[in-house]
Amino acid sequence: MNAIVAVCSDWGIGYQGALLVHSKADMHRFMELTMGGTVVMGRRTLESFPGGPLKGRKNVVITHDPEALPGGVVSVDSPVAALEAVAADDPNRVWLIGGESVYRALLDQCTRAYVTKFDVERPADAFFPNLDEDPAWQVESAENGGATTKGTHFSFITYVRQ
Ligand SMILES: NC(=O)c1ccc[n+]([C@@H]2O[C@H](COP(=O)([O-])OP(=O)(O)OC[C@H]3O[C@@H](n4cnc5c(N)ncnc54)[C@H](OP(=O)(O)O)[C@@H]3O)[C@@H](O)[C@H]2O)c1
């Protein structure tokens, strides 16, 4: 399993249920990498998608109340149950997509983290662990992503767990 996330320079990822920065290039990359695979997420992240479950992917959603979730998703009641739900899937095509609680619970199970890093800080109430300060993770590759329409520069950084 790999994680994929978009962070600001302080590793903020969200505020009041929404993303902090919008970038078409980042969305496109997320789509390309995850399409046809499995995405694992928390219930709040599912609710942040305007169109509901992500099309063309198996959606595994963690919640304390699996019965309450809409159809079209595999609902599970714990991070461990999410791992069981993806056990038969190709691990290179299983993506941990957030939010904070789910990243914190399952990041240890990930081989790589595909991080889009925006060169800006925004008020945030959800964060991704700072991989630059964690000796378990090292930068494998870094690529300039360009800039958003509002002029925020960003990079695509791949971290690998040692
Ligand atoms: N920048 C990015 O790449 C990115 C990616 C994803 C999300 N985000 C942002 O992150 C924020 C959401 O993060 P979040 O941490 O608040 O929410 P979340 O992780 O998406 O979902 C939290 C919910 O997941 C369920 N859950 C979590 N741990 C559980 C456990 N151990 N057992 C059972 N259920 C569990 C609970 O659902 P129930 O309440 O239903 O029990 C919990 O309320 C939003 O602002 C979103 O936009 C950013």
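The values are calculated or read from the model by the stated rules, or taken from the named source; none is laboratory data. Note that this is a predicted model, so its numbers are computed, not measured. Every residue, glycine among them, receives a Cβ derived from its backbone with ideal geometry; neighbour counts consider all protein chains shown.
Residue pairs whose Cβ atoms lie under 8 Å apart, sitting 6 or more positions apart in sequence or on different chains, and linking a residue in region 131-152 that is farther than 20 Å from Asn2 by Cβ to a partner that is part of a loop (DSSP other than H, G, I, E, B), are Thr148/Val21; Thr148/His22; Thr148/Ser23; Thr152/Val21; Thr152/Ser23; Thr152/Asp119; Thr152/Val120.
The set of residues from region 53-79 being surrounded by fewer than 17 Cβ atoms within 10 Å (Cβ to Cβ) and modelled with pLDDT under 95 comprises Pro66, Glu67, Ala68, Pro70, Gly71, Gly72.
When Arg93, Arg57 are screened for being touching a helix residue (DSSP H, G or I) at 6+ places or on another chain (Cβ under 7 Å) and away from the ligand (no atom under 13 Å from the Cβ), only Arg57 passes. Against the criterion of being more than 26 Å from Gln162 (Cα to Cα) and either more than 13 Å from the ligand (Cβ to nearest atom) or not aromatic (Phe, Trp, Tyr) (or both), Gly98 does not qualify.
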